[in-house]
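The structure appears below as structure tokens.
The values are calculated or read from the model by the stated rules, or taken from the named source; none is laboratory data. Only a predicted model underlies this, so the values are computations on that prediction, with no experimental measurement involved. Quick reminder, even Gly has a Cβ in these numbers, built from the backbone with ideal geometry, and neighbours come from all protein chains shown. Heavy atoms of the whole protein, side chains included, go into the accessibility calculation; ligands, DNA and RNA do not. Shrake-Rupley method; radii C 1.70, N 1.55, O 1.52, S 1.80 Å.
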Amino acid sequence: MTAAEYAQTLQLKPVVPATATVSGGDSQRKWRHLLLKDFTFFYVSGELTYASQSTKKRMDYIHCRGGIVLPAYDPELVTHIIVDTANPDKPDAGVTLRTLGLKKLSDIPDHVPTVKWKWVNSAKLVPNGDRAGNFRIVEDGNGGHVTVRMDWEFMHSAFVARVHAGKGFKNTGGNEKDKGKGKPKAKTTAQRKEGENSEEEDNDSAEDISDISCACRLIGSVVGVRLIFVCSRNFTQDAPSPPPSAKETTPAVNQTKSVQSEREIPFISDPLGEFEALAKEEKKAEGFLCDAPNSNSLTSECPNQDIVDKLEELMELHRAKPTEEDKWRVYSYSKSIRKIRTYPHRITSYEEARNIPGVGDKTALKIKEILETGELRRIDIEYTEDLDVVHLFQGIYGVGQHIAYMWYSAGCRTLDDIRERKNGIKVSDVQEIGLKYYDDINTRMPRAEAGEIFTAIKRTAVSIDPHLYVEIMGSYRRGKATCGDIDILITRPTDDGNSHEGVLASLLSALQREGIIRENLSMPDFKDDPLEAVYRGLCVRPLREGEGHDTKRLVHILTVPYKSRGAALIYYTGDDIFNRSLRLKANKMGYSLNQRGLFAGVVRSTENKMIKTCDGHIIASETEQEIFRILGVPWQEPWERVRS
DNA sequence: GCCA
DNA sequence: CAGTACG
DNA sequence: TGGCCGTTACTG
């Protein structure tokens, strides 16, 4: 995607302001605002064929702060040209002119400055009323206004020949008219002082200033429903389930025993104090999440449940939001929440929270607030009226953040609006199915039902080829009491010269004849390798005489070459966080792990790691154990791999 | 969000 | 290609 | 300040 195309897509995206670090006098703080509102940029990256990650990020940065990024240079619209070519400190005039489609720099209008990226970053928060320098008054997201000072454009001029362009050079009065633009709330000095104090007392409140309201104005009108986000809790609060019974392929081992033997917990007089010290120690040199087996022993009684609840609620709010920033926030919260949940005693201070690995300054402050007030104001701030709707839409299989926000901005508010294609929205085939079985898909099934469906499918599979290896994976293999779907792995030994080629297709038609499979969500693509495929669909439990519901259940079937079964077992067993951690560790060790195997010597071209790779060679894939061993990860049974 |  | 889904 | 899993797989 070129920079122009990316700029174009940006214009369609809602403005959801991101945080910015702003130095205010002698203190630094993070807050949110539409700093760049009223500015229209043309961004010269020098990248001809595609927009780099950095370019996209910077365009996002501008967009999130209310600025407009033009897809094409237009001297009528542009207020600033940002020149950010290969070497940011030495802008390339030739590249710039080619990008602009001009012959010489003097063809750029005099009122349009050509600045380096650094200028955009020069904003500083100043006390309201401070009218020195190049100040601007911008919305603070809470209906108020704040004063911000930016460097003069000429200070970051990209080209000496154009230092004169824009505000500040020679004529420092050029921003006179800006004064009337924002109308700050009339405040007495005392009131203002009060406001500043409260801001300083609690860092978080400053950070909490959110411009979501602006986004909402942009997106559409108000909805009155407040929906409780409980999804994650449904997932995480499953009753601790017993290890798989003896009939399972995985041996039934006493899990607490195995955990203890791995961790070699020494005898200590004050186990809780010791844990705290341990946490502190880990903070210095954090290992990988996959290295320590999960200990389920503490999940029943969490001394910090109130904290966990509040943080989870906040995490779910962020999960529904569309930006990359929110995505990583969720990632971060999920890790810190897990640490807090398994922390064995009541957290009593900011310091104590901070010492838990994965808990940083922000989360520790939030914990402090919960400890002191029992509340987390950030939850109310993030809880904008668009969220419950997009959350509802995201419950539709095949609908993620982007589609949800598109539909919301098109004016849709209910599932019926979607069904009716209100305002001409498009609904894909998969989404149509997701809509039809909305409740079914979002309801977890008892472990026993997953087992029942698996048994039926395995029976059919083995009737096609008795040598097939058919296993149930996912949350079932991890021993969960309820399952969100049924994950089935199929492969076959090749020592007799045969393989499972063609089996999946036969199996699917057989299951359809039996009435077990009811809907297809995605069909396998055998083009690369006939032994490797993924199927997704909806199925029902085989109907028994008399009783039997026909709630549709998600079923995933994966076939892999026999050689890859170890890597596939790891992947398909999960959980997701465990897998990501394992893959991260592999990566850091110079390996690469995916569902096909563990590879060494994978060379990625510096930066842009998608481009140009040397294939590398496979070093393990047949058994889970050897992959664990090479990665230096202690062996863990499936139910010990729970990380989320 | 957290961390190196 | 972007978006979504998967553990 | 940049990375955060996978040259994942599938759809449109």
### Query
What pairs from A:Lys327/A:Lys458; A:Lys436/A:Lys458; A:Lys335/A:Lys422; A:Lys56/A:Lys167; A:Lys90/A:Lys362 go past 29 Å between their alpha carbons?
A:Lys327/A:Lys458; A:Lys335/A:Lys422; A:Lys90/A:Lys362
### Query
Relative contact order for region A:445-559 using alpha-carbon pairs under 8 Å, separation at least 6, rounded to a whole percent?
26 percent
### Message
One quarter of the convex hull surface, Cα atoms only: what value does that give for region A:445-559 in nm²?
### Response
7.3 nm²
### Task
With all protein chains present, calculate the accessible area of A:His556 using a 1.4 Å probe and round the result to the nearest 10 Å².
30 Å²
### Task
Find, among the trypsin sites (Lys or Arg not before Pro) in region A:519-578, those assigned to loop by DSSP (not H, G, I, E, B) with at most 16 other beta-carbon atoms within 10 angstrom.
A:Lys527, A:Arg544
### Query
Local charge sum around A:Met523 (other residues, Cβ-Cβ under 15 Å, Lys/Arg +1, Asp/Glu -1)?
-2
### Message
Net charge within 12 Å of A:Tyr571 by Cβ-Cβ distance, Lys/Arg positive one each and Asp/Glu negative one each, not counting A:Tyr571 itself?
### Response
+2
### Message
Per 0.36 nm of contour for each residue apart, how much would the distance between A:Arg377 and A:Thr623 grow if the chain were fully extended, relative to their Cα-Cα spacing?
### Response
83.7 nm
#### Entry: Kirkwood hydrodynamic radius (C-alpha pairs) into Stokes-Einstein, region A:305-382, 4 °C and 1.567 mPa s, D in µm²/s
104 µm²/s
### Query
Which shape class, rounded, prolate or oblate, goes with region A:385-442 when its Cα gyration tensor gives a ≥ b ≥ c as root eigenvalues, a/c under 1.5 marks rounded, and past that a/b bigger than b/c marks prolate?
oblate
### Query
Using a simple charge model, +1 on the beta-carbon of Lys and Arg, -1 on the beta-carbon of Asp and Glu, nothing else, what dipole does region A:305-382 show about its Cα centre, in debye to the nearest 20?
320 debye
### Summary
Around A:Ala86 (Cβ within 11 Å, Cβ-to-Cβ, excluding A:Ala86; K/R +1, D/E -1) the net charge comes to -3
### Query
Residue-wise, which Karplus ³J(HN,Hα) couplings in Hz belong to region A:480-494, taking 6.51 cos²θ - 1.76 cosθ + 1.60, θ = phi - 60°, and x for glycine or proline?
5, 6, 10, 10, x, 7, 10, 10, 10, 9, 10, 8, 7, x, 10
### Query
Suppose R0 equals 35 Å; then what is the FRET efficiency for A:Met523 and A:Arg346 from their Cβ-Cβ distance, rounded to the nearest 0.05?
0.10
### Query
So what J values fall out for region A:317-326 if you push phi through Karplus, 6.51 cos²θ - 1.76 cosθ + 1.60 with θ = phi - 60°, rounded to Hz, Gly and Pro as x?
5, 5, 4, 7, 7, x, 8, 4, 4, 5
### Inter-centroid distance (Cα atoms) of region A:48-119 relative to region A:502-574, Å
50 Å
### Query
Which far-off residues, 5 or more places away or on another chain, put their amide H under 5 Å from the one on A:Arg518, with H placed in the peptide plane?
A:Leu538, A:Cys539, A:Val540
### Pairwise FRET efficiency - A:Arg513 versus A:Asp89, Cβ, R0 = 51 Å, nearest 0.05
0.15
